[in-house]
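Structure record follows, encoded as structure tokens.
A short reminder: the numbers here are calculations on the coordinates, not readings from a lab. The shown structure was predicted, so the numbers you read here are calculated from the model rather than taken from an experiment. For neighbour counting, all protein chains shown are included, and Cβ atoms are generated from backbone atoms with ideal geometry for every residue, glycine included.
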């Protein structure tokens, strides 16, 4: 096998890369990393000293590729499938990259801050973080009024980022009932076979998530 993914099935950023891999049926080996295990942590740190997953190892090209967006672009370039994650058109590609960063920074970001504070006991301004999520939800609601996927009619890198970000964000701040476009978009995401597969594989690990009680029963 040419590719090995170092990841954990519960981690939202790992979900993002898994969705891209499943979209195109890309073959890869799995190396689940438990950061609580010294040997696993040392193995990951030897590959990527910042000790963050996911990391993709390309055995054929002798390259280790970190960072979710970079991994997906790398796959698009060297292991392309029928579902292109970055459009060929420059302007369309820039739009996809913008909304990819949006979900990583302004949905995943506040959600992760709240989760980490809960896990570690460190203080954070949860009102401030939830206000960021409210603003992000409002922007998504407006944008999805005129499109099926985040950047038009084709599933892309931006949607890979959106699925796990929204899934976990909803556990710390539910979507407003009046945001029908946001809710419809989320339903399209979780019905996507690649996303469904990722969530199904996460089920055995959901009990480890600090807000597991807020995950809807249908995903358990």
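By the compact-protein rule of thumb, 2.2 N^0.38 Å, the alpha-carbon radius of gyration of region 42-109 corresponds to a ratio of 1.26. Protection proxy ranking, highest mean first, for peptides 4-16, 97-109: 4-16, 97-109, where packing is the per-residue count of other beta-carbon atoms within 10 Å, averaged. In terms of the mean number of neighbouring beta-carbon atoms within 10 Å, the peptides 28-35, 137-144 order highest first as 137-144, 28-35. Rounded, prolate or oblate: pick one for the chain, where a ≥ b ≥ c are the square roots of the eigenvalues of its C-alpha gyration tensor, a/c under 1.5 means rounded, and failing that, prolate if a/b is larger than b/c, else oblate. Taking the square roots of the gyration eigenvalues as a ≥ b ≥ c, the chain is oblate. Pairs of Cα atoms nearer than 8 Å and 6+ residues apart set the relative contact order; for the chain it is 23 percent. Each of the peptides 193-203, 160-170 was scored by the mean count of other Cβ atoms within 10 Å over its residues; in descending order, highest first, they stand as 160-170, 193-203.
Per residue, the chain reaches -16500 deg cm²/dmol at 222 nm when only DSSP H runs of four or more residues are counted, each adding -39500 (n - 2.57). Between residue 219 and residue 62, the modelled labels are 4.2 nm apart [label points 7 Å from Cα along Cα→Cβ].
Just need the relative contact order of region 61-158 here, percent rounded to a whole number, with Cα pairs under 8 Å and 6+ apart. Computed value for region 61-158: 34 percent relative contact order. If I take all pairs of Cα atoms in region 130-220, what percentage of them are more than 15 Å from each other? Percentage above 15 Å: 60.
If the segment from residue 181 to residue 147 were pulled out straight at 0.36 nm per residue, it would be longer than the present Cα-Cα gap by 11.3 nm.
Annotation: the antiparallel percentage among DSSP beta bridges lying fully within region 3-78 is about 65. Segment residue 128..residue 41, full-extension length gain: 28.1 nm, with 0.36 nm per residue of separation and the alpha-carbon distance subtracted.
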